[in-house]
Amino acid sequence: MEQLSDSERVYVEVDFNLRPEHRFSTLTDRQESLAQQLKCAVKTVRRRSDHALETLTYLLLTGSSALTDLPQRPAPAVRAASEPNAEESMDRFWGLNRGGGVDIVCSEIPPDERPEYASPHDRNYLRYAKFADLDTLIFVRTRLAQLAPDVVVRDFAPSEYFGTHADVLVVIGGPPWNAKYREFLPQLPFHFDSRPLGEDDPLIVPDLDNLTLAPRWTPGGELIEDLAVLTRITVQGTTVFLLGGCLTLGVLGAARCLLDAGRGSTNAGYITERAGDDDFVVVTETRRVGGLTDVADLAVVEPLLLMARPYGDHWKVVVDNTERFTRQRKHSPRPTS
């Protein structure tokens, strides 16, 4: 628990009955005691406790190395004094409102590809075993909990999600394995060319002469880089973020580009300077180096492509560096072994 921030540690210690001033026999009594001390509603304490426990779970599952990605969250009073602009800009960028809700719809593995314990009828059933981009789901949930502890975050598979008018909807994983992502494709200036399992799903941009972008591989079949595709659109008052990629690496790269503790705020600022509050699409490279996912820094290396549009208008190209990608490789197929 030493790896938690000061504010998160308080909620966890109260839940575990480790605080003498809030020591009661039931969790309800402990949380009510903390709510009285903080002069807030009990449900607020419960939400913050849930977020703190999620962060603790993530740290336990990933080990201490997770701290390089998720540094300690300062206490609210300290954070407000030290970085109000960064926090407020991220809240506005993501559309996060106190007491609001964020729904996450994560891609799911096709039924015939799932392990046995992904079935609710299996004696060792694990709900999260059916999710395809599980690393991205855990990362997004954890970072949103740190950014906005007063926001309720829920996660779903596409097959179990029915719109609940959340303030923010985050869709993780591209259209091949995420039916919710497919619902938004008619509004987007790109699409993925769905290929059979085991092959890449290249990105196609019709407005740029059907420009085709795909992952890069070494002759020996090692993945060099994938494409991270970040999209924000507004639909009937809901801010929708689509985090996609040709492969799972690109999906994680898209999430980290916008939510990384070190660069997320900078990247959000780069996009806001060029797209404002309009809908946008950003395409950039994502690499894995030594088992670590490289995080894009758009202020240093601009994205391959940035398109934007006012709500309901036509998409326009704002930044086009796609020649950088096509110059490095003339679209070559994935090497076969």
Residue match in segment 209-230 (condition: of a type in the set (Asp, Glu) and part of a helix (DSSP H, G or I)): no
Options 242, 197, 213: the member that is under 21 Å from the mean Cα position of the chain (by Cα) and closer than 27 Å to residue 289 by Cα: 242
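Rundown of residues vs (1) out of contact with any Leu (no Cβ under 6 Å at 6 or more places or on another chain); (2) assigned to a loop (DSSP other than H, G, I, E, B), yes/no style:
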residue	(1), (2)
99	yes, yes
117	no, no
136	no, no
139	yes, no
146	yes, no
180	yes, no
185	yes, no
189	yes, yes
Spans of helices (runs of 4 or more DSSP H) in segment 1-93 with at least 1 residues within 28 Å of residue 137 (Cβ to Cβ) and modelled with pLDDT under 80: 6-15, 42-62, 76-82
Residue list for segment 182-196, filter: aliphatic (A, V, I, L, M) and surrounded by 17 or more Cβ atoms within 10 Å (Cβ to Cβ): 188
Elements of type helices (runs of 4 or more DSSP H) contained in segment 238-337, each with 2 or more residues being within 22 Å of residue 202 (Cα to Cα) and at pLDDT 95 or above: 248-259
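Name the residues in segment 124-134 that are in a helix (DSSP H, G or I) and without any contact (Cβ under 8 Å) to a residue 12 or more places away in the chain, would you?
Filtering segment 124-134 for residues in a helix (DSSP H, G or I) gives 127-130, 134.
127, 128, listed by residue number.
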Subset of segment 235-284 (residues that are more than 15 Å from residue 181 (Cβ to Cβ), buried (at least 19 other Cβ atoms within 10 Å of the Cβ) and either of a type in the set (Val, Ile, Thr) or not assigned by TED's automatic domain parsing to the domain that holds residue 91 (or both)): 239, 271, 282, 283, 284
Pairs, first hydroxyl-bearing (Ser, Thr, Tyr) in segment 5-28, second surrounded by fewer than 18 Cβ atoms within 10 Å (Cβ to Cβ) and outside any loop (DSSP other than H, G, I, E, B), C-beta under 9 Å, six or more apart: 7/76; 7/79; 11/50; 11/53; 28/42
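Whether any residue in segment 208-231 is in the same structural domain as residue 314 (by TED's automatic domain parsing), within 27 Å of residue 313 (Cβ to Cβ) and free of Cβ contacts under 8 Å to residues at least 24 places away in the same chain is what I want to check.
Of segment 208-231, the ones in the same structural domain as residue 314 (by TED's automatic domain parsing) are 208-231.
Of the ones still in play, those that are also within 27 Å of residue 313 (Cβ to Cβ) are 208-213, 227-231.
From the residues that got through so far, the ones that are free of Cβ contacts under 8 Å to residues at least 24 places away in the same chain too are 209-210.
Yes.
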Qualifying residues in segment 148-162 (those that are assigned to a loop (DSSP other than H, G, I, E, B) and in contact with a strand residue (DSSP E or B) (Cβ under 9 Å, 6 or more places away or on another chain)) - the one surrounded by the fewest Cβ atoms within 10 Å (Cβ to Cβ): 162
Unique match (being more than 12 Å from residue 155 (Cα to Cα) and among the aromatic types (Phe, Trp, Tyr)) among 128, 117: 117
Count of segment 1-37 residues which are farther than 23 Å from residue 57 by Cα and among the hydroxyl-bearing types (Ser, Thr, Tyr): 2
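The values are calculated or read from the model by the stated rules, or taken from the named source; none is laboratory data. Here the structure is a predicted model, which is why all the values come from computation and not from measurement. Note that each Cβ is placed from the backbone with ideal geometry, even for glycine, and that neighbours are counted across all protein chains shown.
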